Amino acid sequence: MIPRKVAIVGYNRIPFARNNTAYTEAGNKDMMTAALNGLIERYQLKGELLGEVAGGAVIKHSWEINLLRECVMSTSLDPNTAACDIQQACNTGIEAAIYIANKIALGQIDSGIAGGVDSASNVPLVLGEKLRHILLSARRAKTFGARLKQFSKIRLKDLSPIAPMNIEPRTGLSMGGHTEITAKYYNISREAQDQYSLESHQKMAKAYDNGFFDDMLTPFLGLEKDNNLRRDTSLEKLAKLKPAFDKVNGTLTAGNSSPLTDGASCILLASEDWAKAHNLPILAYLTHAEVAAIEYIEHKQNLLLSPVYAADRMLTKAGLTLQDFDFYEIHEAFAAQVLAILKIWESPELMKTFGIDHALGSIDKARLNVNGSSLAGGHPFAATGGRILAVMAKLLHEKGSGRGFISVCAAGGQGATVILEK
């Protein structure tokens, strides 16, 4: 059996919002449903029976079981459309796209939606372990007296809720804490990080002014544009910001790190025949993808560097070099992480430390994140993959030909790379 070609034929997202701003009261279901409804309206999918909808959220409440299916049921898609939840930290949107694409390639489905959503504002608050054990013991008790005995063990301090922490459980360090180590290890300067961040904001502002995002977003709760974008930022303003993670000797700040963000995104994938039958243009083909992981407990600088492996393996399988691309989209979790990845790919000596006996080489920086990325637009963990895939698909469609290289890093020492072609 020859795999079928898989096309990206549509996209939509809601504007991304810094946490505790425009979407404070919105939950994952609200945002994901809004993104799906926008996609359905834009591509006239009302009543359509799709093969499957896949996606997920990194931060979920305990009651958000079957989240994507519940979102589908809140849209005008045919209610017989199946859905499933997928989660791989910041790779979630990419993994959802790979999942749907593989099913289309194998002929199991003809069309599907991949998406992701996250709220850093409307986060779950959990009980402390002591209180949880007491309440469960009380629930199992057979008599009123036994339940009362359990309740008597509760102290006032036990009632304080616990919010989820953005740390790696095996190291106790935040993603920013790990990347601070990365910046020091690879000598990524504060000045280089601030310059890179400034350019991300400038490029996204220009893209908005040129109308690039006009057909990519559905307004939500009064927001029409990503509200993290800072048109008035400058190197002088960025230089005044204090270190966010290493307070004494750090170089990572709120200005050169992506912020906690709320948002949702989705893309529509299909076979060529399905796209033709629905009069939808093929924006780009998803041709290659690679997911990788890396050890980061002993080598703490490695947390966000698994795209070193993913890129090398993917390019080898595709028979391409890193220079064979018209556009590059690298997720900007931190300016330091992007700059470190580029530095490693360029250096034979550094690549050897990863067990790879050749460098991938340098790229044309004018082709990198040409419309800005996560530093400017924000990073709702599971939604970032869909945003990046959509941007790359549109860039290739507007050009009319070419290849796009995508790289996304993720918590847990994971990452993914993807090739889109037109």
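The values are calculated or read from the model by the stated rules, or taken from the named source; none is laboratory data. Not measured: the values here are computed from a predicted model. When we count neighbours, we look across all protein chains shown, and the Cβ atoms used for this are built from the backbone with ideal geometry, even at glycine. In case anyone asks, the SASA skips ligands and DNA or RNA and just uses the protein heavy atoms, side chains included. Shrake-Rupley method; radii C 1.70, N 1.55, O 1.52, S 1.80 Å.
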Matching residues, segment 43-65, being farther than 22 Å from I104 by Cα and surrounded by fewer than 24 Cβ atoms within 10 Å (Cβ to Cβ): I59, K60, H61, S62, W63, E64, I65
Cross-chain or 6+ apart pairs with Cβ under 7 Å, segment 126-143 first and closer than 23 Å to M165 by Cβ, then assigned to a helix (DSSP H, G or I) and open to solvent by less than 90 Å² (accessible area, probe 1.4 Å): G128/D158; K130/D158; L131/D158; I134/Q150
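Could you list, in sequence order, all residues of segment 290-307 that are buried (at least 24 other Cβ atoms within 10 Å of the Cβ) and touching a strand residue (DSSP E or B) at 6+ places or on another chain (Cβ under 9 Å)?
L303, L304, L305, S306, P307
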Considering residues of segment 84-110 that are among the aliphatic types (A, V, I, L, M) and open to solvent by 30 Å² or more (accessible area, probe 1.4 Å) only, the residue farthest from A270 (Cα to Cα): I86
Residue list for segment 111-169, restricted to those being open to solvent by 60 Å² or more (accessible area, probe 1.4 Å) and within 30 Å of Y11 (Cα to Cα): N166
Qualifying positions in segment 11-25 - surrounded by fewer than 24 Cβ atoms within 10 Å (Cβ to Cβ) and among the basic types (K, R): R18
Qualifying residue in segment 358-367 (condition: touching a helix residue (DSSP H, G or I) at 6+ places or on another chain (Cβ under 7 Å), among the charged types (D, E, K, R) and at pLDDT 95 or above): no
Looking only at segment 250-289, and only at residues there that are open to solvent by 20 Å² or more (accessible area, probe 1.4 Å) and of a type in the set (D, E, K, R), the one that is nearest to C90 (Cα to Cα): E272
Only listed residue being of a type in the set (A, V, I, L, M, F, W, C), assigned to a helix (DSSP H, G or I) and under 30 Å from F381 (Cβ atoms), chosen from I134, I113, I109, I104: I104
Restricting segment 365-399 to residues that are out of contact with any Phe, Trp or Tyr (no Cβ under 8 Å at 6 or more places or on another chain) and under 17 Å from Q195 (Cα atoms), the residue that is most open to solvent (accessible area, probe 1.4 Å): K365
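Being polar (S, T, N, Q) and closer than 21 Å to I181 by Cα narrows it down to one of S306, S265, so name that one.
S306
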